[in-house]
Amino acid sequence: MRRKVIAGNWKMNMLPNEAIKFIEEFAPLVKDTKAEVILCVPYIDLFYALLNAQETNIKIGAQNMHFEESGAYTGEVSGKMLKSIGVEYVIIGHSERRQYFAETDETVNKKIKAAFEYGLKPIVCVGENLEQREKGVTEEIITKQTELALDGLSKDQVKNTIIAYEPIWAIGTGKTATSEDANNSVKAIREKIAKLYGKEVAEEVIIQYGGSVKSSNAAELFSTSDIDGGLVGGASLKPEEFAKIVNYDK
Ligand code: PGA
């Protein structure tokens with residue numbers, strides 16, 4: 001049985017003092033969960049979040065990184081830098097980065113490779129937009145994105161990659177894919193991985209769903225055959241609400 005991994009993506013929200021307060025309130029609420037709990041926080045919160053999550057079961061992730069180790073890249077942060085302060089996870093290729101910051105399948109692939117090089121675990125986002133969904137090419141789009149993202153990785157690396165299936169039309173809109181639809185898309189990604197890297201790898205890889213996950217729909221989504229947890233945006237900003245999502249099975 002695969003474990004459940006539930007990650008919060010705070011996006012560009014929460015000041016350090018808010019992050020500290022959040023963790024204080026949130027940690028006791030999720031201390032008994034069997035799921036892996038991750039908070040992906042803005043760069044400026046990382047250090048505070050790491051310190052305050054130390055004695056808890058909460059893991060800390062970043063929301064992006066550069067693929068180079070160091071150099072003349074003003075404003076960027078490398079995987080080596082993230083690792084140096086104890087960050088464990090990093091979101092790569094979120095649709096907002098693809099849409100607003102010129103992230104491509106190629107840079108996503110480079111960043112995943114760099115994440116592994118520096119000992120970080122990538123959470124890689126794929127997902128179709130509304131137009132693609134209406135055209136009926138969802139499966140084609142998300143399996144291709146997955147293939148390009150994972151290109152050149154070893155089987156072991158693929159096993160340790162978390163994939164987040166996030167239909168773009170469901171992000172921040174309050175619209176969620178039905179659990180059946182979301183599960184079918186996740187299954188298609190898993191089948192693609194089986195074709196490329198073998199059944200054993202595909203059975204192990206964690207594939208999350210993201211897009212308007214909230215406490216009222218988490219149980220249904222996370223109880224399907226193939227969805228292994230979620231990447232949660234808006235609903236991860238409130239400790240009680242996010243804890244309810246983490247404790248979806250209680
Ligand atoms: P949302 O965001 O939960 O606010 O829809 C999810 C995400 O973008 O990861």
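No lab work stands behind these numbers, since they all come straight from the coordinates. As the structure is a computational prediction, the values presented were derived from the model and not from experiment. As a convention, Cβ positions derive from the backbone with ideal geometry for all residues, glycine included, and neighbour counts pool all protein chains shown.
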Net +/- balance of residues flanking residue 241 in space, Cβ distance below 13 Å, scoring K and R +1, D and E -1 = +1
Enumerate the residues in region 223-250 having an amide nitrogen under 16 Å from the point lying 7 Å beyond the Cα of residue 173 toward its Cβ.
-> 233-234
Taking Cα pairs under 8 Å and at least six residues apart, what relative contact order does region 50-138 come out at, in percent?
-> 29
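Neighbouring Cβ atoms within 10 Å as the yardstick, rank 1, 65, 12 fewest first.
1, 12, 65
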Please arrange 212, 225 by counting, for each residue, the other beta carbons lying within 10 Å of its beta carbon, fewest first.
-> 225, 212
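Pairs of Cα atoms under 8 Å, at least six residues apart: use those to get the relative contact order of the chain, whole percent.
21
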Taking alpha-carbon centroids only, region 90-142 lies from region 184-216 a number of Å equal to 14
Sum of side-chain charges, residue 116 neighbourhood, beta-carbon under 15 Å (Lys, Arg +1; Asp, Glu -1) = +2
Please compute the net charge surrounding residue 180, taking Lys and Arg as +1 and Asp and Glu as -1 over other residues with Cβ under 13 Å from its Cβ.
-> -2
Mean-position separation - Cα centroids, region 1-49 and region 222-241, in angstrom = 12
Let me have the relative contact order for region 67-114, percent, based on Cα pairs under 8 Å that are six or more residues apart.
-> 45
